[in-house]
1. Please count how many residues of segment B:91-128 are at pLDDT below 95 and either within 28 Å of residue A:49 (Cα to Cα) or among the polar types (S, T, N, Q) (or both).
2. Output yes when any residue across segment A:141-154 is in contact with a helix residue (DSSP H, G or I) (Cβ under 9 Å, 6 or more places away or on another chain) and not hydrophobic (A, V, I, L, M, F, W, C), and no when none is.
3. Scan B:77, B:46 and give me the residue that is within 13 Å of chain A (Cβ to nearest Cβ) and either open to solvent by 10 Å² or more (accessible area, probe 1.4 Å) or at pLDDT below 95 (or both).
4. Which count do you get for residues in segment A:19-50 that are touching a strand residue (DSSP E or B) at 6+ places or on another chain (Cβ under 7 Å) and among the small types (Gly, Ala, Ser)?
5. From A:28, A:21, grab the single residue that is crowded, with 24+ Cβ neighbours inside 10 Å, of a type in the set (D, E, K, R) and not in a helix (DSSP H, G or I).
6. Would segment A:124-139 turn up any residue that is touching a residue at least 24 places away in the same chain (Cβ under 8 Å), more than 10 Å from chain B (Cβ to nearest Cβ) and of a type in the set (Gly, Ala, Ser)?
7. What number goes with the only condition from (1) surrounded by 22 or more Cβ atoms within 10 Å (Cβ to Cβ); (2) out of contact with any helix residue (DSSP H, G or I) (no Cβ under 9 Å at 6 or more places or on another chain); (3) within 12 Å of chain B (Cβ to nearest Cβ) that residue A:102 does not pass?
8. Out of B:173, B:118, report the one residue that is of a type in the set (S, T, N, Q) and open to solvent by less than 30 Å² (accessible area, probe 1.4 Å).
2 protein chains.
Amino acid sequence: MRVAAGQRLRVVDVEGGQVADTFAFRADDVSEYQSAEHTRVHVNRLFPRPGEHFVTNHRRPILLLEEDDTPGIHDMLCAACDPERYTGLGVEGWHASCQENLQKAMAELGVERIEIPQPINLFMNIPVLEQGAIGWEPAMTKAGDSVTLRAEMDCYVVVSACPQDIVVINNKQPSPVAIELL
Amino acid sequence: MRVAAGQRLRVVDVEGGQVADTFAFRADDVSEYQSAEHTRVHVNRLFPRPGEHFVTNHRRPILLLEEDDTPGIHDMLCAACDPERYTGLGVEGWHASCQENLQKAMAELGVERIEIPQPINLFMNIPVLEQGAIGWEPAMTKAGDSVTLRAEMDCYVVVSACPQDIVVINNKQPSPVAIELL
C-alpha cells in the first residue's frame, strides 16, 4: 500500500507464529528503499529497537519502529524466499514466495521494476549462535501480537505473510497477517 | 577486474589492519551479484567458512572462499561507506568512499549502472554482541594476511581498500590492499 509521511500502520500476526516480510520503497523514486545494511549501521544493531528508525540505501529514515508488543524477536539477515529457494528445498513446480508477493503487490501499485531488498522479517526467529552460525526457529509471536510502524516519507509498504512451509519458521503452517492503517 | 570462471584471486592486506570491501557481479548480467542475505541463508552463517560459497541474488555460487590465512574475522553486515556516511560523521565536502570506488571501477570496465550490494567486507571486525548490538573494532589482520577466492562464473570483482579514517575499523590509518590474479 501507499503510505503518506506521518501515517502509521500496524502489522498483526493474527493467529501467531507467522513471519511477515516487510518492504518499504520511497514513493517518488523506488530505487531508494529500506536497506538492512544501512539500518544496521544506523542503529549499531542487527535490528532497531522501539523508537529507532529503519533507513534507506541513502541513509534517510523511512520507517520508525514505533511500538512492538511482541517478544521482540525479528530478523533482518535472511533474504526473502523466492522460486530458487523452494527449488533448492526440493519443491517441484510453483510455490508462493515473498519475492513474488512483493512483485505482484508493486505491480498492482503500478511499479513494475524494483530491486528485491533484504526484507524486514517481522516476527522471524533467526538466532545468531556461536561462531557466527545462524539458527532457524519457529516464530515466538502469539495470536494478535503486533508491531506499529510510522512512515517518515511517502512510501510504498508491502507486507508478505511468508508462505514458507518447509523450514520451521512459520511452524510449518503459514497463517494470515493483517495490516491496519491507523 | 573481470575474472573468468575457475580463476583465483588473492586479496592481500599489505600492511595489516585494513578492511577490503569486495563486490562481485555476474559479467553478462550485472543485475545478478553477490548477495550477503542469500549467502547467509546458503551457508547458515553470518559469513562463509573456507570451502563454502558466496552466492548471488539468484542463489547461484559466484565466489568460493578457497583459503583464509587471516584470523578469520570478516563482516557481511555493514553497508559500504558512501558520501552520506561521511556527511553523517561530520565530514564537510568530498571524502573517498567504497561506494564511489566501486562505481568508478565498474565505469572503467564499461558498466555504468549497477546496484550497490552489501559488500563482502574482508578483514572487517564487527562483533555481534549481546542483545543484537554490533561493535566496531580495528581489523585484526597482520601485514601480508590474505584471502583466496575462486570465481565460479565469469564475473567482475571489485575490491576497495576502505578509506574510512574516522571510525576505528582501519585503525584510523587506511592502507593499501593488493589483488593478485593467480
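1. 0
2. No, segment A:141-154 contains no residue that is in contact with a helix residue (DSSP H, G or I) (Cβ under 9 Å, 6 or more places away or on another chain) and not hydrophobic (A, V, I, L, M, F, W, C).
3. B:46
4. Within segment A:19-50, residues that are touching a strand residue (DSSP E or B) at 6+ places or on another chain (Cβ under 7 Å) and among the small types (Gly, Ala, Ser) number 4.
5. A:21
6. Taking segment A:124-139 and keeping what is touching a residue at least 24 places away in the same chain (Cβ under 8 Å), we get A:124-126, A:128, A:134, A:136-139.
The next check asks that each one be more than 10 Å from chain B (Cβ to nearest Cβ); those that pass are A:124-125, A:137-139.
Pick out the ones that are also of a type in the set (Gly, Ala, Ser) and you get A:139.
Yes: one or more hits.
7. (3)
8. B:118
The values are calculated or read from the model by the stated rules, or taken from the named source; none is laboratory data. Since the structure is predicted, the reported quantities are computational estimates derived from the model, not experimental observations. A quick note on method: Cβ atoms are made from the backbone with ideal geometry, for glycine too, and the neighbour counts reach across all protein chains shown. Areas reflect the complete protein model, heavy atoms only, side chains present, ligands, DNA and RNA absent. Shrake-Rupley method; radii C 1.70, N 1.55, O 1.52, S 1.80 Å.
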